[in-house]
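The values are calculated or read from the model by the stated rules, or taken from the named source; none is laboratory data. Everything numeric here is computed off the predicted structure, so don't read it as measured data. Ideal geometry is used to build each Cβ from the backbone, glycine not excepted, and the neighbour counts take in all protein chains shown. Please note that ligands, DNA and RNA were not included when accessible areas were found on the heavy atoms of the full protein model with its side chains. Shrake-Rupley method; radii C 1.70, N 1.55, O 1.52, S 1.80 Å.
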Amino acid sequence: MAAEELCLKELALVYLDRTGGLHRFINDCICYNDSKQCLAVYRFIIYVNPADVTELDARLGNCILHHPIRAAHLFQSVCFTSIKTLSLIEQLETENQVNVVLKLTHLPPLPNYSFNLCQFPHGYQLLRYYKIEGVVIAMTTVTKYTQGARFLCSESSCPFSTGFQYIRVHTVGATESATVRNDFTCTLCNSALKEDVKFRVLGDKQLVEIIDAAALDVIKGNQVSRSYSRYQSFTVFLRDELPNRMKIGNRYYVIGIPAHVYSGSQLQLCMEANSIQPWFTNGKIYSPFISDNFKCLLSITASSPWRFTAVLANIFAAQIVPPGTYNILKLSLLLSLVQTCENEKQTIECLDLLVVTSDPVTVDRLLTYSLSLVPCGVRHLPSYEMFATVSKDEHGTGTAKVQAGSALLAKGGICYIGELFSYRKDKLDLLQTVLETRSTTVFISGKKFGEDVDQQMSFPIQCNFWALADAESHLRKAMQQEDAVIGSMDISSVPVNLVDGFGLLIYCGESSNHHSPVHLIQHVLSEAMNPSKPLYPALQKFTTQEYQKLLAFARNQQAELTSEAERLIQGYYTASRRVRTDPVHGSKISPTALKALMSLSETHAKLSLRNKVLEQDAVIAVLLYEMSITARHGSSVLCVAPNAVFPFELCDEHSLNQRDIYLAQFHQQLLQFCYTYAPGMSVHFSEE
């Protein structure tokens, strides 16, 4: 056994020498030695690549992967011998003072190294490395823990009453009371040990709760295919250099060691994190592509810059509503789905939708179905919290824990909040603030959570909001009122600022499409009586999975704004602010409208699979925005019809030609509007 230990130590030294770890270790020793400070514990981080170690020697690789505590002791002995042999740290006395932390770069991509909380029995072994994958749903504030402590014999005549013979360091699964206790005795004289408090070494600690990423399919509102599926959050301990490396709502891979941790009388299974990797760095992110069916559709609609997106919206969600129904809403949903981002470093302009409808049941099904097309979509329920909340950590530390609400879990995706009028006024006021600032703030009382000072934590909100309002219950057409503005709707039951916070207000009524309710009734009845029979065989090839890939491809595209499109948007913005100005309240066009219009044009170009934003994209953006403004404040001299984006039923090529002619005529009308009411901008337009 001793010969094997010696052999493994020699192999550990060879590995450190070959990989440059020995050089980094010597540099760390020089820093400690130059400080001339006598410490109880000298901490060293050694990065280990299991594949390289196993290639060097399978026994050492097996020891690191399956017996991490023994492996740490091997490297501890090697490091201590190196320090003494090379005289690297003069003030170091005993091997116990060397605290070696092995950081694994990865684990073998084998099933036995993955820890899945949804499987039972788990089949895990304590004190061995596993990898788990999940989304962060809660985290505590960063606190201190005892990383190492020095104990001395209380008997002054004992040789161990001085020196560094008794050193306690934190081990996996140990609580604070296990590391620092008052019942230790001297092995030499059996006297009680007492801590030398001035040599205590503190480190940072943070607790993070993660949940299996598959749970996101549940909070999308989808039906779970297996009735026995159960998702439970899992606590991960982050220590020293790892705290604040994880963010709420993000998805990570965590390599760590499972451990049993006592919380009062309860025994909980937790994990001590060894390393953290963002989900997108693992290589599972595939490059999205377009299916052959959509490539064919793109080629046959290439004669017009408006046709491809028109057909996409027309046939979208044929499982929920008949083709051609609620086309304006479906186009807006597709644009909002494209206007999402999985890359945290990329900033986008959010596209929030407020849908007013007289058929909330069908529209709710349509919105819920659309959530499945984005990687991160959350169906919020009124009984849950929409934004971050603070509670006390249940692990007995009394630390403040910040729980993610639905909006933070929908990071980079969609948060569908459902029926708007099911929320209390204070919740709507908070939603309005978030829509304006795109962030949420929580207050942490220092007195309540054992801190010296109060804290405030702010979290950016990086998702699009969808909301629904029942027109029959809460809204009436304004033409029924004596003082109503032509074209507007009475939305007095919704706070004005809250309505303005949504990027688009969409009204879905019988006049918004060319299909009577009979078509929808027939669709629902046919689906109920023959659930396995496709209702529209010609559209069966455009599956939900193909829409997912198409949207992922469009989302990752880059579209450059052309000067012609930019001038048209600026002209419309300037003219609209002029014609929609009230002498008392000022302009009804928000200053952020210009940025929103450009972003909407860019999104339409992406959905059209173009890398340049054309004037035709700006026309669609202006139409959608003008229809939304008209619903809020009434018609302007531009006089856009409620169904202007889809003025005809799209049933054949002739109807597509008619729509192209109509949109071209509106394009000329829009140019004339800019010439007339934005004369300062007319010099920038080419003569028509």
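Overview of results
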read-out: Members of the stretch 581-606 found to be among the basic types (Lys, Arg) and open to solvent by 20 Å² or more (accessible area, probe 1.4 Å), listed by number; value: Lys588, Lys595
read-out: Cβ pairs under 8 Å, 6+ apart, first in the stretch 274-298 and farther than 23 Å from Tyr47 by Cβ, second loosely packed, with under 15 Cβ neighbours inside 10 Å and at pLDDT below 90; value: Asn293/Lys541
read-out: Candidate set from the stretch 261-312 (those that are among the hydroxyl-bearing types (Ser, Thr, Tyr), open to solvent by 70 Å² or more (accessible area, probe 1.4 Å) and at pLDDT 75 or above); member that is nearest to Val101 (Cα to Cα); value: Ser299
read-out: Test result for Leu624, open to solvent by less than 50 Å² (accessible area, probe 1.4 Å), in a helix (DSSP H, G or I), at pLDDT 90 or above and touching a strand residue (DSSP E or B) at 6+ places or on another chain (Cβ under 7 Å); value: yes
read-out: Qualifying positions in the stretch 644-657 - loosely packed, with under 15 Cβ neighbours inside 10 Å and assigned to a helix (DSSP H, G or I); value: Glu653, His654, Asn657
read-out: Matching option when the condition is open to solvent by less than 30 Å² (accessible area, probe 1.4 Å), over 23 Å from Asn274 (Cβ atoms) and in contact with a helix residue (DSSP H, G or I) (Cβ under 6 Å, 6 or more places away or on another chain), among Leu8, Leu88, Leu60; value: Leu88
read-out: In the stretch 542-576, the residues that are among the hydrophobic types (A, V, I, L, M, F, W, C), open to solvent by 30 Å² or more (accessible area, probe 1.4 Å) and assigned to a helix (DSSP H, G or I); value: Phe553
read-out: Pair list, Cβ under 6 Å, 6 or more apart: the stretch 68-79 residue without any contact (Cβ under 8 Å) to a residue 60 or more places away in the chain and part of a helix (DSSP H, G or I), other residue open to solvent by less than 10 Å² (accessible area, probe 1.4 Å) and among the β-branched types (Val, Ile, Thr); value: Ala71/Ile64; Gln76/Val98; Cys79/Val98
read-out: Wholly enclosed strands (runs of 3 or more DSSP E) of the stretch 160-217 bearing at least 2 residues under 42 Å from the mean Cα position of the chain (by Cα) and without any contact (Cβ under 8 Å) to a residue 60 or more places away in the chain; value: 201-211
read-out: Strands (runs of 3 or more DSSP E) contained entirely in the stretch 346-417, each with at least 3 residues that are in contact with a Lys or Arg (Cβ under 9 Å, 6 or more places away or on another chain) and crowded, with 21+ Cβ neighbours inside 10 Å; value: 377-379
read-out: For Thr603: the one exception among (1) in a helix (DSSP H, G or I); (2) farther than 18 Å from Pro305 by Cβ; (3) touching a residue at least 60 places away in the same chain (Cβ under 8 Å); value: (2)
read-out: Tally, over the stretch 305-329, of residues that are within 18 Å of Leu550 (Cα to Cα), assigned to a loop (DSSP other than H, G, I, E, B) and of a type in the set (A, V, I, L, M); value: 2
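Conditions (1) within 24 Å of Glu93 (Cβ to Cβ); (2) β-branched (Val, Ile, Thr); (3) crowded, with 18+ Cβ neighbours inside 10 Å, marked per residue:
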site	(1), (2), (3)
Cys153	yes, no, yes
Thr179	yes, yes, no
Phe184	yes, no, no
Lys194	yes, no, no
